[in-house]
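The values are calculated or read from the model by the stated rules, or taken from the named source; none is laboratory data. Note that this is a predicted model, so its numbers are computed, not measured. We place every Cβ from the backbone using ideal geometry, glycine too, and count neighbours over all the protein chains shown. Heads up: the accessible areas ignore ligands, DNA and RNA and are worked out on the full protein's heavy atoms, side chains in. Shrake-Rupley method; radii C 1.70, N 1.55, O 1.52, S 1.80 Å.
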Amino acid sequence: YLNTPETPIYKKAQVLYGLDLSKRDISREHRVIVVEGYTDVMACHLAGVTTAVATCGTAFGSDHITVLRRVMGDDTTAGEVVFTFDPDAAGQKAALRAFAEAKRFNAQTYVAKGPEGLDPCDLRLERGDAAVRSLVQNKVPMVEFVIDQRISGFDLASVEGRIGALRAAAPVVAELRDPLLQPEYVRVLARRLGLDTEDVRREVER
């Protein structure tokens, strides 16, 4: 299976590993867990997380979203899409790319990070099935995850660092479509940076 070339029939960008086994539960629960590797899918299913799928050696993209929206019945905001990413630099980049695409879901999007950087497969091997289920339960909203990524390189102890972090993170909040979510994340960002809420709101509007 590894390094299988694309053909007129097999298009990696349209394939989700494990979807054949999980689509019934995804449709029933309106929830999907997107993991990074094939063994992570196996570990999740063995641990009872039966809505897990993985991309096949490609970045999560628009074709995957089309498939999942069809399976989930993504016509309300009640659904959940949970991404797991490796904690290394490549995993963080994958998370930011997924965030750009995930805005096309009506469902709420989340990120689940394993303790000590363990992916679902290693987590199950080291700590058992309950740890994998806990990983999914302890998810955080993807917006919060991306905000934290954007501000992580700044020195928040300095005025210049806080202003730089605000300018880096404000576009994330500005892109939120939900008119109820945006003011809440203005307050979240203000708390993260120790800045006045009104100053943050003005930068988001700008």
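Antiparallel as a % of all DSSP beta bridges within the stretch 1-123, to the nearest 5? Display every interim value, and only then the final one.
Details: 2 of 14 bridges.
The antiparallel proportion sits near 15 percent.
If all Cα-Cα distances of the chain are sorted into 5 Å bins from 0 onward, what percent lands in each bin, rounded to whole numbers?
Result, from short to long distances: 1, 7, 15, 17, 18, 15, 11, 8, 5, 2, 0, 0 percent.
From Cα pairs below 8 angstrom and at least 6 apart in sequence, can you work out the relative contact order of the stretch 137-206, rounded to a whole percent? Write out the running numbers ahead of the final one.
On the way: 55 pairs, mean separation 19.9, N = 70.
Dividing the mean separation by the residue count of the stretch 137-206 yields 28 percent.
Which whole-number percent is the relative contact order of the chain (Cα, under 8 Å, 6+ apart)?
Values: 298 pairs, mean separation 33.6, N = 206.
Rounded, it is 16 percent for the chain.
Counting helices only, and only those DSSP H runs with n ≥ 4, report the 222 nm mean residue ellipticity of the chain as the sum of -39,500 (n - 2.57) divided by its residues, in deg cm²/dmol to the nearest 500.
Value at 222 nm, helices only: -16000 deg cm²/dmol.
With r defined as the distance between the Cβ atoms of D122 and T7 and R0 fixed at 35 Å, what FRET efficiency is calculated, to the nearest 0.05? Present the calculation step by step, with values, prior to reporting the outcome.
On the way: r = 32 Å, r/R0 = 0.92.
That pair, D122 with T7, gives E of 0.60.
Please work out the average accessible area per residue across the stretch 56-206, using the 1.4 Å probe convention, and give it in Å².
Working: 7830 Å² over 151 residues.
On a per-residue basis, 52 Å².
Cα atoms only, the stretch 1-123: Rg and Dmax in Å?
My reading of the Cα-based Rg and Dmax gives 13.6, 41 Å.
With every protein chain left in place and a probe of 1.4 Å, what is the accessible surface of D122, to the nearest 10 Å²?
Approximately 70 Å² for this residue.
Per 0.36 nm of contour for each residue apart, how much would the distance between T58 and T39 grow if the chain were fully extended, relative to their Cα-Cα spacing? It would help to have the intermediate numbers written out before the result.
On the way: separation 19, 0.36 × 19 = 6.84 nm, distance 1.57 nm.
Gain on extension, T58 to T39, equals 5.3 nm.
How large is ³J(HN,Hα), in whole Hz, for each residue of the stretch 55-68 in order, when computed from phi with the Karplus curve 6.51 cos²θ - 1.76 cosθ + 1.60 and θ = phi - 60°, using x for Gly and Pro?
6, 9, x, 10, 5, 5, x, 5, 5, 5, 4, 4, 5, 5
Percent of accessible area on the chain owned by carbon and sulfur, 1.4 Å probe?
51
Check which residues have an amide H placed less than 5 Å from A52's amide H, if you skip close sequence neighbours.
I33
Evaluate the Kirkwood expression for the hydrodynamic radius of the stretch 133-185, namely the inverse of the mean inverse distance over all pairs of different C-alpha atoms, and round to one decimal in Å. Don't jump to the answer; show the numbers that get you there.
Working: mean 1/r = 0.0812 Å⁻¹.
That comes to 12.3 Å for the stretch 133-185.
Give the peptides 38-44, 49-55, 143-149 in descending order of average Cβ contacts within 10 Å, highest first.
Values: 38-44: 22.0, 49-55: 24.0, 143-149: 20.1.
Highest-to-lowest ranking by the protection proxy: 49-55, 38-44, 143-149.
³J(HN,Hα) across the stretch 134-150 via Karplus (A = 6.51, B = -1.76, C = 1.60, θ = phi - 60°), whole Hz, x for Gly/Pro?
5, 4, 5, 5, 8, 5, 10, x, 4, 4, 4, 4, 5, 4, 4, 5, 5
How big is the stretch 86-206 by Rg and Dmax over its Cα atoms, in Å?
15.9, 48
Given the stretch 24-95, what whole percent of its Cα pairs are spread farther than 15 Å? Let's see the in-between values first.
Numbers: 1390 of 2556 pairs.
Pairs farther apart than 15 Å: 54 percent.
Can you tell me what share of the DSSP beta bridges in the chain is antiparallel? A percent to the nearest 5 is fine.
On the way: 4 of 16 bridges.
Looking only at bridges with both residues in the chain, the antiparallel portion is about 25 percent.
Compute the semi-axes of the equivalent ellipsoid of the stretch 45-85, taking the square root of 5 times each eigenvalue of the Cα gyration tensor, and list them largest first in whole Å. Can you show the working numbers first?
Working: eigenvalues 62, 51, 16 Å².
For the stretch 45-85, the semi-axes come out at 18, 16, 9 Å.
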